[in-house]
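What follows is a short report on a single structure.
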Amino acid sequence: MQTIIEIKNLRKTYKDNKVALENVNLNIFKGEIIALLGPNGAGKTTLISNICGISSITSGDIKVKGFDVVDDYREARKCIGIVPQELSFEPFEKVINTVNFSRQLFGKKSDEKYIENLLKKLSLWDKKDQIIRSLSGGMKRRVLIAKALSHEPDVLFLDEPTAGVDVELRKDMWNTIKNLQKSGVTIILTTHYIEEAELMANRIAVINNGKILLIDKKDNLIDRMSKKTLIIHTNSKINKIDKALGKFKLRISKDKKNLEYDYSPNKKKTGITTLLNEIKKTGIELIDVQTKQSNLEQIFVEILKND
Amino acid sequence: MINFRSIKAIYIFEMSRTFRTLIQSLISPILSTVLYFIVFGTAIGNNINFTNEIPYGAFIVPGLVILTISMQSVNNASFGIFFPKFLGTTYEILSAPISYVEIVIGYVGASATKSFCLGLLILMTSTFFVDLDIKFPILMLCMLLLSCVSFSLLGFIIGIVSDNFEQINFVPMIIITPLVFLGGSFYTIDVLPDLWQTITLFNPIFYLVSGFRYSFFGTGEVNILISIFSISLFILLCIIIIWKIFKTGYKIKT
């Protein structure tokens with residue numbers, strides 16, 4: 001896979017010596033959607049700001065398409081588009097003017113055809129002559145995306161694109177992002193919505209307290225980190241777990257009718273066969289067995305808890 | 001290589017703001033100047049005779065132009081850069097492939113252009129009230145341009161360091177206006193008591209007004225070269241401060 005962004009030993013501290021990013025190493029591959037997942041204040045926006053030149057780097061290197069963001073900042077920044085978290089606009093500007101301004105600010109020649117296609121793709125063409133302040137929140141977010149894409153960047157940063165957005169609009173935004181990926185744009189998405197990361201991303205990086213705790217393909221992450229729970233339904237009330245079953249660390253359900261057993265589905269020996277044999281020996285009669293898989297949210301909580 | 005397209009984008013964007021706010025940008029300062037001419041030039045001015053054969057109405061023209069363009073340059077440039085900060089749109093400027101010098105050229109260039117045009121409009125307006133015979137027109141245009149650039153640079157600095165609208169208005173209202181009024185815009189300093197004459201010599205606007213007046217009438221209170229030197233020094237000082245601001249990212253970058 002071709003690396004489009006390379007971050008090495010990145011450190012960012014503020015004037016009060018607060019460490020915002022600590023030894024961040026990250027490679028982002030061309031054409032992927034990578035989600036930076038972390039709680040508020042984890043360092044997601046700082047990381048984006050460092051890559052885009054909005055905040056200064058304390059130490060370390062960042063390269064975009066091989067261009068250093070400090071030494072070759074012009075070339076590096078040409079490859080980047082950024083959609084900020086806040087809806088920040090000149091409120092009295094027309095949609096078409098603000099998008100054209102962004103394109104020219106990035107040193108690109110006017111291209112009416114490209115801007116027309118872009119606005120049509122984002123369902124903004126019929127709003128092109130409206131002033132921004134008259135648009136709805138969702139439309140404003142689209143204008144920000146249009147501005148970020150106006151200079152045809154290879155990489156698009158979306159900082160919390162669906163923060164404070166209603167469910168319908170969120171789904172709409174997800175479709176837009178997926179379509180952008182199909183058109184070849186690499187997307188870096190920061191979010192604290194696990195559902196969003198789970199639905200959108202090819203890879204997920206979990207960030208907390210300025211450190212990247214882990215990064216992996218979404219499916220690998222779920223497979224690697226996830227736990228399954230075997231729920232054993234019995235026909236009698238269980239008040240106490242038999243000594244013979246002690247090694248399995250079983251739990252009794254609230255209604256005292258089920259036993260619950262956590263296991264890792266990726267291990268060769270899950271212990272299920274042994275457990276069921278031991279249960280049979282104790283004389284407990286089984287009615288049914290069922291498994292339940294942990295989702296990304298539970299994995300995320302687990303990772304943060306261990307940090 | 002200079003990124004002309006980006007400079008042009010900022011310049012045109014800033015200029016277009018002028019046309020959206022035409023009353024505030026042009027008509028209001030011209031109206032104020034007309035009122036000054038009526039009150040000081042015509043009503044009171046006919047009774048003033050300390051200006052060495054120059055009619056008082058004509059004498060105050062350079063001072064009035066400096067008064068207006070200094071205020072407008074500072075306002076235009078400070079709002080130009082403060083507004084994106086206020087609205088949160090500086091992210092776009094900072095993430096664009098544009099150098100700090102190019103950013104300054106875009107914002108300060110637009111602000112200076114607006115003030116320069118306004119200065120010319122005020123001069124044209126003044127001809128309705130007084131007979132104006134400009135002795136060194138090229139020098140006058142150069143002095144006007146230098147004044148617009150210097151105050152625009154100052155405004156740019158104010159726009160960056162200000163955290164709110166009150167601070168933006170503080171410098172023009174509390175510092176520049178008194179300095180212009182006390183810098184010999186409406187009188188020659190020899191009418192002042194000795195102490196105030198000495199104090200006036202520490203007022204940078206005094207040299208600016210004197211130099212500008214020299215380009216009109218061929219006579220000023222200090223040598224024209226001292227005036228040009230003072231403006232150049234002021235511009236240099238502003239450039240050093242801006243360079244330092246961008247180098248450290250003060251109030252721009254986190």
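Quick one: would you say B:Ile10 is away from chain A (no Cβ under 14 Å) and in a helix (DSSP H, G or I)?
Spelling it out, it is not the case that B:Ile10 is away from chain A (no Cβ under 14 Å) and in a helix (DSSP H, G or I).
In the range A:145-168, is there at least one residue being of a type in the set (Lys, Arg), surrounded by fewer than 23 Cβ atoms within 10 Å (Cβ to Cβ) and more than 13 Å from the chain's Cα centre (by Cα)?
The answer is no; no qualifying residue exists.
Return only the number of the condition from (1) away from every other protein chain (no Cβ under 14 Å); (2) buried (at least 21 other Cβ atoms within 10 Å of the Cβ) that B:Met124 does not satisfy.
(2)
Kindly check whether there is at least one residue in the range A:200-216 that is farther than 24 Å from A:Asn50 by Cβ and not hydroxyl-bearing (Ser, Thr, Tyr).
no
Could you tell me which of the residues B:Phe234, B:Phe186 is surrounded by 16 or more Cβ atoms within 10 Å (Cβ to Cβ), part of a helix (DSSP H, G or I) and not polar (S, T, N, Q)?
None of the others qualify; the one that does is B:Phe234.
Quick check: is even one residue across the range B:127-145 among the basic types (Lys, Arg) and within 13 Å of the chain's Cα centre (by Cα)?
There is no residue in the range B:127-145 that is among the basic types (Lys, Arg) and within 13 Å of the chain's Cα centre (by Cα).
Testing B:Ile66 on (1) more than 14 Å from every other protein chain (Cβ to nearest Cβ); (2) in contact with a strand residue (DSSP E or B) (Cβ under 6 Å, 6 or more places away or on another chain), one condition comes back false. Which one is that?
(2)
For the range A:77-165, which helices (runs of 4 or more DSSP H) that fit wholly inside it have 3 or more residues that are charged (D, E, K, R) and away from chain B (no Cβ under 14 Å)?
Result: A:112-121.
Go over the candidates B:Ile44, B:Ile93 one by one and state the one that is over 22 Å from the mean Cα position of the chain (by Cα), away from chain A (no Cβ under 14 Å) and in a helix (DSSP H, G or I).
Sole residue among the options that is over 22 Å from the mean Cα position of the chain (by Cα), away from chain A (no Cβ under 14 Å) and in a helix (DSSP H, G or I): B:Ile44.
Taking the range A:194-223 as the region of interest, how many residues are part of a loop (DSSP other than H, G, I, E, B), touching a Lys or Arg at 6+ places or on another chain (Cβ under 8 Å) and surrounded by fewer than 18 Cβ atoms within 10 Å (Cβ to Cβ)?
1
Tell me which residues, restricted to the range A:249-307, are among the aliphatic types (A, V, I, L, M), closer than 30 Å to A:Ile204 by Cα and either part of a loop (DSSP other than H, G, I, E, B) or touching a helix residue (DSSP H, G or I) at 6+ places or on another chain (Cβ under 7 Å) (or both).
A:Leu296, A:Ile299
Looking only at the range B:237-254, which residues are modelled with pLDDT of 95 or more and loosely packed, with under 13 Cβ neighbours inside 10 Å?
B:Ile240
From A:Asn117, A:Asn9, A:Asn97, A:Asn23, which residue is surrounded by fewer than 23 Cβ atoms within 10 Å (Cβ to Cβ), without any contact (Cβ under 8 Å) to a residue 60 or more places away in the chain and on the phi > 0 side of the Ramachandran plot?
Result: A:Asn9 is the single residue among A:Asn117, A:Asn9, A:Asn97, A:Asn23 that is surrounded by fewer than 23 Cβ atoms within 10 Å (Cβ to Cβ), without any contact (Cβ under 8 Å) to a residue 60 or more places away in the chain and on the phi > 0 side of the Ramachandran plot.
State whether the residues of the range A:56-67 include one that is within 14 Å of chain B (Cβ to nearest Cβ), among the β-branched types (Val, Ile, Thr) and either assigned to a helix (DSSP H, G or I) or under 18 Å from the mean Cα position of the chain (by Cα) (or both).
No, every residue in the range A:56-67 fails to be within 14 Å of chain B (Cβ to nearest Cβ), among the β-branched types (Val, Ile, Thr) and either assigned to a helix (DSSP H, G or I) or under 18 Å from the mean Cα position of the chain (by Cα) (or both).
Inside the range B:210-232, can you point out the residues that are closer than 20 Å to B:Val61 by Cβ and among the polar types (S, T, N, Q)?
Passing the criteria: B:Ser210, B:Ser215, B:Thr219, B:Ser227.
Could you check the range A:224-248 and list, in sequence order, the residues that are within 25 Å of A:Ile303 (Cα to Cα), assigned to a strand (DSSP E or B) and either basic (Lys, Arg) or touching a Leu at 6+ places or on another chain (Cβ under 6 Å) (or both)?
The one that is within 25 Å of A:Ile303 (Cα to Cα), assigned to a strand (DSSP E or B) and either basic (Lys, Arg) or touching a Leu at 6+ places or on another chain (Cβ under 6 Å) (or both): A:Lys228.
Check B:Leu139, B:Leu182, B:Leu87, B:Leu118 and return the single one that is without any contact (Cβ under 8 Å) to a residue 12 or more places away in the chain and in contact with a Ser or Thr (Cβ under 7 Å, 6 or more places away or on another chain).
Every option except B:Leu87 fails the conditions.
Condition first: at positive phi and either surrounded by 18 or more Cβ atoms within 10 Å (Cβ to Cβ) or touching a Cys at 6+ places or on another chain (Cβ under 6 Å) (or both). Now tell me which residues in the range A:39-88 satisfy that.
A:Gly43, A:Gly53, A:Lys65 - these are the residues of the range A:39-88 that are at positive phi and either surrounded by 18 or more Cβ atoms within 10 Å (Cβ to Cβ) or touching a Cys at 6+ places or on another chain (Cβ under 6 Å) (or both).
Can you tell me which of B:Ile158, B:Ile174, B:Ile205 is outside any loop (DSSP other than H, G, I, E, B) and more than 16 Å from B:Leu67 (Cβ to Cβ)?
B:Ile158
The values are calculated or read from the model by the stated rules, or taken from the named source; none is laboratory data. The model shown is predicted, which means the values in this text are computed figures rather than measured ones. When we count neighbours, we look across all protein chains shown, and the Cβ atoms used for this are built from the backbone with ideal geometry, even at glycine.
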